[in-house]
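Undergrad: One structure coming up, written as structure tokens, with questions to follow.
The values are calculated or read from the model by the stated rules, or taken from the named source; none is laboratory data. What you are looking at is a predicted structure, and each value in this text was computed from that prediction instead of being measured. Cβ placement follows ideal geometry from the backbone for every residue including glycine, while neighbour counts extend to all protein chains displayed. What goes into the accessible areas is simple: the full protein's heavy atoms, side chains included, and nothing from ligands, DNA or RNA. Shrake-Rupley method; radii C 1.70, N 1.55, O 1.52, S 1.80 Å.
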Amino acid sequence: MAVVALTAGTADAAAGLPPTGRGGPMSVRIGLAGRDPAGLEALARAVSAPGSPQYGRFLTPEQAQTRFGATAEQVAAVQRWLGSAGMRVVARSAHWIDATGNASAVRNAFGSDVRTRPATLPTEVGAAVESVARIGQTQRRGMREGATSAEAATSGTSAAKCSPTWGALTADPKLPRGYTSPEPLDVCGYTPAQLRTAYGVAASGLTGKGVRVAVVDAYGSPTMRSDADRFAREHGDAPFADGQYLETVTPDKWTHFNDNTCQSPSDWAAEEALDVETVHGMASGATVHYFGANSCADEDINATIAQIVDTRAADMVSSSFGETMHRTSGDIDPGLVAQATRLFEYGAVEGIGFYDATGDCGNDSVHSSPVCDPESARAQTEWPASSPWVTGVGGTALALGVGGRPLWETSMGDRRSVLSEDGKSWVPFPGAFYFGGGGGTSEDFRQPYYQRGVVPDRLARTLGTGSAAAGRMRTLPDVAMNGDLMTAVQVGKTDAASGRYGEAPVGGTSASAPMFAAVQADAQQARIAHGGGVIGFANPMIYQRANRHPLTDVLAHPDGAPADISAVLDLGPGDKGHRRVRLFELGHDEGLPAEVGYDLATGLGSPRAAYLDSFKH
């Protein structure tokens, strides 16, 4: 029987999987190729590219499935083949078929255990199947949310002192000298009003009215709506109106929160509050629909994305999670990547834009920081932000003065020092890398057409390891917005254990991604009001604007900033009376310098008033 080679996931014995040769069951997700996968990709590009005759001529989900989805004959053929091999179909969707079987059935179906070797398929179904992925296993850590509090990362308590704006308050002069004198205190947490002013949203008068924004995370806080409404009222904004907040969660189906695969639902709560409150704060007229995946596992995240795409539940999707693609315990399953890629393409042909955080560990080469993946195999970019069909949002540190007036903006990258026990020095000094916006050159995806002529070849052709790339590759981020720990944003949520509502500053590209998605909602409102349509997949349009300079070119040493940008986080007394004080040096993203023009720390830069104005004509 002729066979067709097919990509499938791999994992090491160290990953803890039961060997299929011993009879353990295995579940697989078979990605359906559909009628015309090449045509789907081509149309996704055409409807997203300004200047194309098909630009903006989006399809409905029904039209997309009719034109590109799998035929009934293809589905039936795959199901017959699985049954004949002894596999049992347990679920199916428009995009894939889930099946399970013992070791013998798996080998009968694929010619391998889909773990150590690429799978093979008989030719009679090869054209109908695009990918095979293992699912339901705990072989690797799934997506990680990135909401980070400087206090929590350090001690788990609230800061005793902080500044309402940059430089308004300074640190205790009795502290040892750091980078500047006096050292400014960290910002207490910017409010939505400050950020709306800083990025030109307030001056534009735009609110995202008429636009639907989906927020995707794992699980779902039971107090999401009430927390968001209270947070808005506390800061002088209007709460959600009736019908303006929607929620899709299925707690009875949640998995993987007690097997070391995912963080717990309570751990995800801060991320969820950050995402929802940030979108509402920056686009107060938009409808926000929260979607909680049943776990952080890739297959559950993909299923949630499919739910949005198949119903066109949103105009844009904000996701603040990610994972390293190459870990010492095994790479991400390429079958799951392929299946997500098809979903992004379906989203593009329907006019849906995806906005993902790029991560908080710079180029992911450092393992010492608590926000970094200790099993990252090398410098790399994170998934899913690295997808060419996603807008990857990196981070900046934004200094605001009175009234939300921007003073300067640098890259999100912090070196941290700790006050010594005797209070006389900083250790180490200069500080060690602790936190930074994700970015770099992908080793997995070729350079998309919209980056040509904008991203310098020296970046596109050089991997984070210093090795030459296979050619011009996808680079990250595309854009960036505020997310640094020292210039964090304020977030309110109810503590699951105590039932008490509280607020705290939270940072990370977890803040940057929903912030930019909300700005895009404002931009879409302006575009429609001036005779345009929905934005859809935004990268071609964003890169086309690069030469018009509607974005702030974020630099490591911006005008108006001190030569050494630093801040102090003062947490007050700790155990044995020792003071818990941290010194941060800003603008030093690990392996990702912020330079003139496009760079791997902040991409094309951050939006300003001119960016939103560009959608009004």
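Undergrad: How high is the relative contact order of the chain? Use alpha-carbon pairs under 8 Å, at least six apart in sequence, and give a whole percent. Don't skip to the end; give the middle numbers.
TA: Working: 1619 pairs, mean separation 113.5, N = 617.
So the answer I get is 18 percent.
Undergrad: Dividing the alpha-carbon radius of gyration of the stretch 373-495 by 2.2 N^0.38 Å (N being the number of residues), what value is obtained? Walk me through the intermediate numbers first.
TA: Working: Rg = 17.9 Å, N = 123, 2.2 N^0.38 = 13.7 Å.
For the stretch 373-495, the normalised Cα radius of gyration comes out at 1.31.
Undergrad: Give me the compactness ratio for the stretch 331-404, meaning the Cα radius of gyration over 2.2 N^0.38 Å. Show your work: numbers first, answer last.
TA: Numbers: Rg = 15.8 Å, N = 74, 2.2 N^0.38 = 11.3 Å.
Here the Cα radius of gyration is 1.40 times the empirical estimate.
Undergrad: Apply the Karplus parameterisation 6.51 cos²θ - 1.76 cosθ + 1.60, with θ equal to phi minus 60°, to every residue of the stretch 555-566 and state each ³J(HN,Hα) to the nearest whole Hz, in sequence, with x for glycine and proline.
TA: 10, 5, 10, x, 4, x, 8, x, 4, 10, 8, 8
Undergrad: Mind listing the long-range amide H neighbours of L407? Cut-off is under 5 Å, sequence gap 5 or more, other chains count too, H placed in the peptide plane at 1.01 Å from N.
TA: A399, L400, G401
Undergrad: So what J values fall out for the stretch 532-546 if you push phi through Karplus, 6.51 cos²θ - 1.76 cosθ + 1.60 with θ = phi - 60°, rounded to Hz, Gly and Pro as x?
TA: Computed from phi, the couplings for the stretch 532-546 are x, x, 5, 6, x, 5, 8, 4, x, 5, 5, 5, 5, 7, 4 Hz.
Undergrad: In the chain, what percent of the accessible surface is made up of carbon and sulfur (1.4 Å probe, ligands and nucleic acids excluded)? Intermediate results must be reported in sequence, preceding the final value.
TA: Values: 11320 of 22300 Å².
Using a 1.4 Å probe with all protein chains present, the chain comes out at 51 percent carbon and sulfur.
Undergrad: Let me ask you something else. Taking a cut-off of 16 Å between Cα atoms, list the aspartates and glutamates near K253, but don't count ones fewer than 8 places away on the same chain.
TA: Partners found: D217, D298, E299, D300.
Undergrad: When we measure straight from the Cα of K616, which lysines land under 23 angstrom away, once same-chain ones fewer than 8 places off are left out?
TA: Within the straight-line cut-off, K616 pairs with K209.
Undergrad: From Cα pairs below 8 angstrom and at least 6 apart in sequence, can you work out the relative contact order of the stretch 499-590, rounded to a whole percent? Spell out each step's value before the answer.
TA: Details: 43 pairs, mean separation 14.3, N = 92.
In percent, rounded to a whole number, it is 15.
Undergrad: Could I ask something else about it? Using a Förster distance of 45 angstrom, determine the FRET efficiency expected from the C-beta separation of R458 and A127, and round it to 0.05.
TA: 0.65
Undergrad: Taking amide H positions as placed in the peptide plane 1.01 Å from N, state which residues far from Y190 in sequence (5 or more) or on other chains have amide H under 5 Å from it.
TA: For Y190, the qualifying residues are A488, V489, Q490.
Undergrad: Now a separate question. I'd like the Karplus ³J(HN,Hα) series for the stretch 417-434: coefficients 6.51, -1.76, 1.60, θ = phi - 60°, whole numbers in Hz, and an x wherever there's a Gly or Pro.
TA: Along the stretch 417-434, the couplings run 10, 10, 5, 5, 4, 7, x, 10, 8, 9, 10, x, 9, x, x, 9, 4, 10 Hz.
Undergrad: If you don't mind, there's one more thing I want to ask. Describe numerically, in nm with one decimal, the distance between label points set 7 Å from Cα along Cα→Cβ at E62 and at T170.
TA: The modelled label-to-label distance comes out at 6.7 nm.
Undergrad: A further question follows. Just to confirm, what accessible area per residue do you get for the stretch 304-343 at 1.4 Å probe, in whole Å²? Kindly include the intermediate steps, with their values, before the conclusion.
TA: Details: 810 Å² over 40 residues.
Heavy-atom accessible area per residue stands at 20 Å².
Undergrad: Out of residues 5 or more away from R446 or on other chains, whose amide H comes under 5 Å of its own, with H placed 1.01 Å from N in the peptide plane?
TA: Under 5 Å from the amide H of R446: R474.
Undergrad: Here is a further query. How much FRET efficiency would the formula 1/(1 + (r/R0)^6) give for A497 and S420, where r is the Cβ-Cβ distance and R0 is 56 Å, rounded to 0.05? Mind dumping the intermediate values first?
TA: Details: r = 34 Å, r/R0 = 0.60.
So, using R0 = 56 Å, E works out to roughly 0.95.
Undergrad: When ligands, DNA and RNA are left out and all protein chains stay put, how many square angstrom of accessible area per residue does the stretch 223-269 have with a 1.4 Å probe? Kindly include the intermediate steps, with their values, before the conclusion.
TA: Working: 2630 Å² over 47 residues.
Here the residues of the stretch 223-269 average 56 Å² of exposed surface.
Undergrad: Suppose only helical runs count, i.e. DSSP H with n ≥ 4. What mean residue ellipticity at 222 nm does that imply for the chain under -39500 (n - 2.57) per run, divided by all residues and rounded to the nearest 500 deg cm²/dmol?
TA: -7500 deg cm²/dmol
Undergrad: Another question about this same structure. Could you sort 559-565, 540-546 so that the peptide with the highest average Cβ count within 10 Å comes first and the rest follow in order?
TA: Working: 559-565: 13.3, 540-546: 20.1.
Output ranking for 559-565, 540-546: 540-546, 559-565.
Undergrad: Kindly point out which whole DSSP H helices in the chain project their C-alpha atoms 18 angstrom or further along the helix axis while averaging a Kyte-Doolittle hydropathy of -0.5 or above. Spell out each step's value before the answer.
TA: Working: long enough: 72-85 (20 Å, 0.16); 265-282 (25 Å, -0.31); 298-311 (20 Å, -0.08); 334-350 (24 Å, 0.28); 509-529 (30 Å, 0.26).
The qualifying helices are 72-85, 265-282, 298-311, 334-350, 509-529.
Undergrad: Taking only protein heavy atoms into account and a 1.4 Å probe, give the accessible area per residue of the stretch 24-87 in Å². List each step's numbers first, then the result.
TA: Numbers: 2880 Å² over 64 residues.
Per-residue value: 45 Å².
Undergrad: To the nearest µm²/s, what D does Stokes-Einstein give for the chain at 4 °C and 1.567 mPa s, using the Kirkwood radius over alpha carbon pairs as Rh?
TA: Working: Rh = 24.6 Å.
Rounded to a whole number, D works out at 53 µm²/s.
Undergrad: Something else now. Expressed as a rounded percentage, what relative contact order does the stretch 225-328 have, with Cα pairs under 8 Å and six or more residues apart? Don't skip to the answer; put the middle values down first.
TA: Numbers: 87 pairs, mean separation 30.5, N = 104.
Computed over the stretch 225-328, the figure is 29 percent.
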